[in-house]
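The values are calculated or read from the model by the stated rules, or taken from the named source; none is laboratory data. Values in this document were obtained by computation on a predicted structure and should not be read as measured data. FYI the Cβ positions are ideal-geometry reconstructions off the backbone, even for glycines, and counts take in every protein chain you see. To get the accessible areas, we keep the full protein, side chains included, count just its heavy atoms, and leave off ligands, DNA and RNA. Shrake-Rupley method; radii C 1.70, N 1.55, O 1.52, S 1.80 Å.
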Amino acid sequence: MPIKDFSGRGRIPRLGKVRLGIKKKGSGAPYPAAVDYFVCPPEVQAVYGPKPKKLNIAFHSDEVEEVFPQYYKRYGKSTGLACKGDGEAALAVNPETGEFAEIECTGRDCGYYQKNACKQIGNLYFMVRGVNRFGVYQLDTSSYNSILNVNGGIEYAKKLTRGRLALMPFILEVVSQEVAPQGAKKTVYVLRLEADMPKMMAALDESPANVLKLEDCRIHERGDIEEDHYPEPVVKTLKATEDGLIKMWALVKEAGIGQEEFKKYLVDTYKINSSKELTSEELKEVLSYLKKTIEAKKEPQPVQAEGFSQGEAQELERQIAEGF
C-alpha cells in the first residue's frame, strides 16, 4: 500500500521532447530557427522518418489541463519560473519573500508580455502511436495560431466522443499558414490537430492495445533502420518492418516449411501471437535460422541404402568415394 501522502499522486514518464525548430549557428550564439517538420527523438524518427510532418498520436487523459495546459509564463534569470497566469489570475514570486503569491493577470496587456519577457505557452503531452515506449512526449509552443488550432481540434473531438480524449486516435501535423502581423504578410509553420475520424469511431469500442498500435501506417523510406546512426537499445526493440516480414515468409516457402508449422515455431520460441510482434532483432534470428535450413537442404545427404545397416551404408559410401 502506498504512503498516504503519495497515494494518487504520480508522474507519467516523459520520454522526451518533440520540437518545432532547430538551433542554427551564426556569428554569435546559436539561435532558434523554425522548420516545416517535427524534430523528434531517434525512436520516433525510426518509425516516422527523419523529418516527419505528420504524427499519429493519442492522449493519456480526458482532461484538457493534463494534455494541453496553457499559461502566460515569465521566467527570471537564474530563478526559474517567476510568474504563471491564465489571463485573470496569476501566481507570481514576491521579490521580498521569495514565495509565490496570487496577483491579477492582465495577459497581453501586461508590461512584461509587451516586453517579450512573458509569453503564452502551451505544453502538449501525447503518446506517439507505433512507438513502443511507455510514457508521453512533450511539445511546447508559444504560437497563438498553434494554440488555437490544437484547442479547436480537441474541442471538436470532445463533442464527437461525448468528452472522451484518452486513447482516441489523432493526427498532429505541421502546416504552413499565412499571417499578417503589423500588416506585413508572411508564411509561418503552425500545428494542426485533427481527429483521425475512421479510427476514432472504431476506437470507441476498441481495447487500448488496438487503439495505440500503428494501423497500416506506411511511412516513406520505411526500411531497415540505419543501425550506425541510432542507439543499440532503440534498434533492438523496434518492430520488424513489413519488408522484413515479407522476406521471412518467402524464405519459409523456399525452405518447404508449412505455414501452420512455422507459426507454431514462432509462438513457442518468441511467445507471440503474430509475426508482426517480432522485433527487428528477433527477425534477424528467424531469417538466419531459415537460411541455415535452406542451405542444409542443398547439402548432399548421406545415403541410407535400403536393406543395409548404417555401418554397411557408410562402408558402401566409402567404397563409392574410392571409385567403386
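Annotations for the structure displayed:
- Test for residue 87: is it in contact with a strand residue (DSSP E or B) (Cβ under 6 Å, 6 or more places away or on another chain), at positive phi and open to solvent by less than 50 Å² (accessible area, probe 1.4 Å): no
- Qualifying residue in the stretch 47-67 (condition: open to solvent by less than 80 Å² (accessible area, probe 1.4 Å), within 29 Å of residue 177 (Cα to Cα), not hydrophobic (A, V, I, L, M, F, W, C) and not in a loop (DSSP other than H, G, I, E, B)): yes
- The stretch 247-291, residues that are open to solvent by 40 Å² or more (accessible area, probe 1.4 Å), outside any helix (DSSP H, G or I) and not polar (S, T, N, Q): 256, 271
- Candidates 125, 72, 137, 112: the one that is touching a strand residue (DSSP E or B) at 6+ places or on another chain (Cβ under 8 Å), surrounded by fewer than 18 Cβ atoms within 10 Å (Cβ to Cβ) and not β-branched (Val, Ile, Thr) is 112.
Table: residues versus (1) over 23 Å from residue 186 (Cα atoms); (2) within 19 Å of the chain's Cα centre (by Cα).
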residue	(1), (2)
16	yes, yes
21	no, yes
24	no, no
31	no, no
43	yes, yes
55	yes, yes
63	yes, no
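- Odd one out for residue 178 among (1) charged (D, E, K, R); (2) without any contact (Cβ under 8 Å) to a residue 12 or more places away in the chain; (3) farther than 22 Å from residue 32 by Cβ: (3)
- Residue pairs meeting the criteria (Cβ under 9 Å; at least 6 apart or on separate chains; first over 18 Å from residue 130 (Cβ atoms), in the stretch 20-43; second surrounded by 15 or more Cβ atoms within 10 Å (Cβ to Cβ) and among the aromatic types (Phe, Trp, Tyr)): 20/37; 20/38; 20/189; 21/189; 34/189; 35/189; 36/189
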